[in-house]
Amino acid sequence: MVSVTARVRFYETDLMGVVHHANYFRWFEMGRIAYLREAGIDLNRLMEDGFMVPIVDASCRYHRPARFDDEIVIETKLSACSKVRIVFTYAVRRKSDGVILAEGSTTNAFTTPDGKVERLNDQYYPKLQAKLEEERKTTVC
């Protein structure tokens with residue numbers, strides 16, 4: 001699992017100081033990029049090498065509202081990985097008390113810049129597989 005800490009910014013909220021629901025997907029992206037970086041994959045380099053990583057499915061379940069100036073922790077896990085897709089799961093927690101605010105998942109495909117499915121090569125795939133194995137070893141049942 002990779003954790004990213006952030007603070008809710010004013011522009012992410014509505015007039016009541018509650019985070020707009022779409023911002024959770026931005027936070028998921030923050031977690032996803034940090035996860036890839038920790039796995040040894042730089043997204044810019046991946047794209048330079050001809051791989052795009054579009055989201056093909058996304059979901060979020062909201063449990064409690066995040067509010068302006070809350071410190072949050074975005075927890076990201078890789079739950080599935082093949083040469084053509086990756087699936088991440090997320091939990092957004094309020095740092096002060098650990099309460100889960102939202103949980104979600106995204107599925108990303110690997111494609112060429114013109115949208116054709118492209119199998120991830122051996123420069124990147126073993127890094128994701130190693131990180132997934134690390135996840136499985138540290139997950140407590």
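The values are calculated or read from the model by the stated rules, or taken from the named source; none is laboratory data. All of these numbers come straight from a predicted model, not from anything done at the bench. Just so you know, the surface numbers come from the protein's heavy atoms only, side chains and all, with ligands and any DNA or RNA stripped out. Shrake-Rupley method; radii C 1.70, N 1.55, O 1.52, S 1.80 Å.
Report summary: the helix-based calculation at 222 nm, which adds -39500 (n - 2.57) for every DSSP H run with n ≥ 4 and divides by the residues of the chain, gives -8000 deg cm²/dmol.
Percent relative contact order of region 1-128, based on C-alpha pairs within less than 8 angstrom and at least six residues apart?
Relative CO of region 1-128 lands at 29 percent.
Using a probe of 1.4 Å on the protein chains alone, the accessible area found for Asp14 is around 60 Å².
In order along region 91-100, the phi-based Karplus estimate (6.51 cos²θ - 1.76 cosθ + 1.60, θ = phi - 60°) of 3J(HN,Hα) comes to 9, 10, 10, 7, 5, 4, 10, x, 5, 6 Hz; Gly and Pro are listed as x.
Semi-axes of the chain's equivalent ellipsoid from the Cα gyration tensor, sqrt of 5 times each eigenvalue, largest first, rounded to whole Å?
For the chain, the semi-axes come out at 28, 17, 12 Å.
So what's the angle, to the nearest 10 degrees on a 0 to 90 scale, between helix 125-138 and the longest Cα principal axis of the chain? Value to nearest ten degrees: 50. Proximity of backbone amide H atoms, modeled 1.01 Å from N, is registered between Ala66 and Val19 at under 5 Å, excluding neighbours fewer than 5 places apart on the same chain. The long axis of helix 23-38 is offset from the longest Cα principal axis of the chain by roughly 40 degrees.
Solvent-accessible area of region 1-97 (1.4 angstrom probe, protein heavy atoms only): carbon and sulfur portion equals 52 percent. Under Stokes-Einstein, with the Kirkwood radius over Cα pairs as Rh, the value for region 1-42 at 20 °C and 1.002 mPa s is 187 µm²/s.
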